[in-house]
Amino acid sequence: MNIDDCINLEDLRKLAKKRIPKVLYDFIEGGVDDEYGLACNEDAFCRHALLPRYMVDISSLDQSTEIFGRTYSSAYGIAPTGGIGNFRHGGDMMLARAARNANIPFIMSGAATASMEEMVKVAPEHGWYQIYTARDRAIAEDQVKRAADLGIPALVVTVDVPVSSNRERNRRNGVGRPLRLSLGARLDALRRPFWLKDYIAHGIVMLPNWQPYAHEGASADEISELFSRQLPNSLSWKDIQSYRELWPRTLVLKGVMHTDDAIRAAEIGVDGLIISNHGARQLDRAASSLDVLPRIDQAVGERMTLMLDGGVRRGADVVIARALGAKFVFLGRPTLYGAIAGGDGGAAKAVRILRDEIDKVMSQIGCPVLSQVAPDILHQDADPLHRNAPT
Ligand SMILES: Cc1cc2nc3c(=O)[nH]c(=O)nc-3n(C[C@H](O)[C@H](O)[C@H](O)COP(=O)(O)O)c2cc1C
């Protein structure tokens, strides 16, 4: 299979899987503990069914979505994922370009393998920055200041990493600090010529956003060491308050799941939330973001822009999230797999596949304007559906 044969996001995943060593694929795809949460995130969408309306004029479709004073071409964007350059060299900017070209947001990870300065050159209006708060708050403050000076439109504070999580695939594969890859893992890497070429040319890619806080000439490994000494650490509401004071533009919290936390964030003046369980990579038994969305919407939907991520794999998922109160959704793994599988073209393809699927669903349900999707398009007593069940 090559990129032209991929017709859905699942195909991109399969192709990406072939191109990178198993240890890296496991790092991306894996969850925590029993990996129960991974399936839950996707199943949450399948527990809702749509009620189509017919005899509607669908000759013109409109996915445009306004959030934070800007109109994007649809209601989805690219979630932050760290370490991208180690899966595909230059991958961060491939995703940034795909987002800019499609007029959707791209969130650069706090563990990105490109710098925020590079991102601003590629996607000055579409690139947001996600921050992982350093133990040394002076580093965090400096990152905020750099992002503010660069004119980045939105700062996303990830709040759901109080401790490192139990990623058993990584532990079994010897991924961690220090890296202890088995002979089998090394041999597997040698069998991925596509990836190997990049690795030989560029080695392990560093975290350039952290470089200013390491000593002059620090190696990729030394910068990763610095990063791992600074994280994880628990945030307090005082930190969020100080982000609010420091950051002049849109402030978003990513990882809020509890209604009381959402209310507290609204009181502090946070502009938006990405309801998220970190793609089931932190707490295996966390609720799915879709399941907690209606309650949070009821509590703060009038005051804040509610977004979510986790398990979005089809255009119908975006429509369902909207019907339940999310103005916007983000995708982590699927867009990343697009870039790994097909570079710039693959990233663009992932974005386009979703757009085309949303168009189809809007046409099927007789709702030609995405922003007008309302709860009445949902069948309230839907039985669990199993999207992957054989027909
Ligand atoms: C490989 C990988 C790296 C990630 N890195 C980050 C990160 O640096 N910061 C962050 O806030 N979330 C990170 N996430 C979580 C995503 O932003 C997002 O919440 C999650 O992937 C959404 O679920 P999905 O993959 O099912 O779409 C990462 C996820 C993956 C798969």
| request: Being away from the ligand (no atom under 11 Å from the Cβ), of a type outside the set (A, V, I, L, M) and farther than 22 Å from Arg303 by Cα is the filter; apply it to the range 271-292 and report the residue that is surrounded by the most Cβ atoms within 10 Å (Cβ to Cβ). | output: Asp284
| query | Which residues, counting only those in the range 59-74, are away from the ligand (no atom under 16 Å from the Cβ) and either closer than 21 Å to Lys197 by Cα or assigned to a loop (DSSP other than H, G, I, E, B) (or both)? | reply | Ser59, Ser60, Leu61, Gln63, Ser64, Phe68, Gly69, Ser73
| Index of the failed condition, Asp160 passing every other in (1) within 12 Å of the ligand (Cβ to nearest atom); (2) acidic (Asp, Glu); (3) in a helix (DSSP H, G or I) | (3)
| So which of Gly110, Gly77 ends up being part of a strand (DSSP E or B), buried (at least 24 other Cβ atoms within 10 Å of the Cβ) and not charged (D, E, K, R)? | Gly77
| Would you say Val56 is touching a residue at least 24 places away in the same chain (Cβ under 8 Å), under 30 Å from Pro193 (Cα atoms) and not in a strand (DSSP E or B)? | no
| Only one of (1) of a type outside the set (Gly, Ala, Ser); (2) surrounded by 15 or more Cβ atoms within 10 Å (Cβ to Cβ); (3) modelled with pLDDT under 95 fails for Arg192. Which number is that? | (3)
| task | Can you work out which of the residues in the range 307-334 that are part of a strand (DSSP E or B) and within 8 Å of the ligand (Cβ to nearest atom) is nearest to Ile353 (Cα to Cα)? | result | Leu331
| query | For Ala138, which of the numbered conditions (1) within 16 Å of the ligand (Cβ to nearest atom); (2) among the hydrophobic types (A, V, I, L, M, F, W, C); (3) under 22 Å from Leu226 (Cα atoms) fails to hold? | reply | (1)
| Pairs with Cβ under 9 Å, 6+ apart, first in the range 179-200 and at positive phi, second assigned to a loop (DSSP other than H, G, I, E, B) and polar (S, T, N, Q) | none
| Which of the residues that make up the range 135-165 are more than 20 Å from the chain's Cα centre (by Cα) and under 30 Å from Glu35 (Cα atoms)? | Arg135
| said: I need every pair where a residue in the range 291-309 that is basic (Lys, Arg) has its Cβ under 7 Å from the Cβ of a residue that is more than 16 Å from the ligand (Cβ to nearest atom), sequence separation at least 6 or different chains. | reply: Arg295/Thr259; Arg303/Ala266
| task | Return the residue satisfying two criteria in turn: it lies in the range 29-56 and is in contact with a Gly (Cβ under 9 Å, 6 or more places away or on another chain) and of a type in the set (Asp, Glu), and of such residues it is farthest from the ligand (Cβ to nearest atom). | result | Asp43
| said: Among the residues of the range 32-42, are any surrounded by fewer than 23 Cβ atoms within 10 Å (Cβ to Cβ), acidic (Asp, Glu), touching a residue at least 60 places away in the same chain (Cβ under 8 Å) and assigned to a helix (DSSP H, G or I)? | reply: yes
| Restricting to the range 255-270, what's the tally of residues that are within 16 Å of the ligand (Cβ to nearest atom) and part of a loop (DSSP other than H, G, I, E, B)? | 2
| Residue identified as assigned to a loop (DSSP other than H, G, I, E, B) and buried (at least 16 other Cβ atoms within 10 Å of the Cβ) among Leu251, Leu226, Leu235 | Leu235
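The values are calculated or read from the model by the stated rules, or taken from the named source; none is laboratory data. Predicted model, so just to flag it, every value in this text is computed and none were measured. Note: ideal-geometry Cβ built from the backbone for every residue, glycine included; neighbour counts use all protein chains shown.
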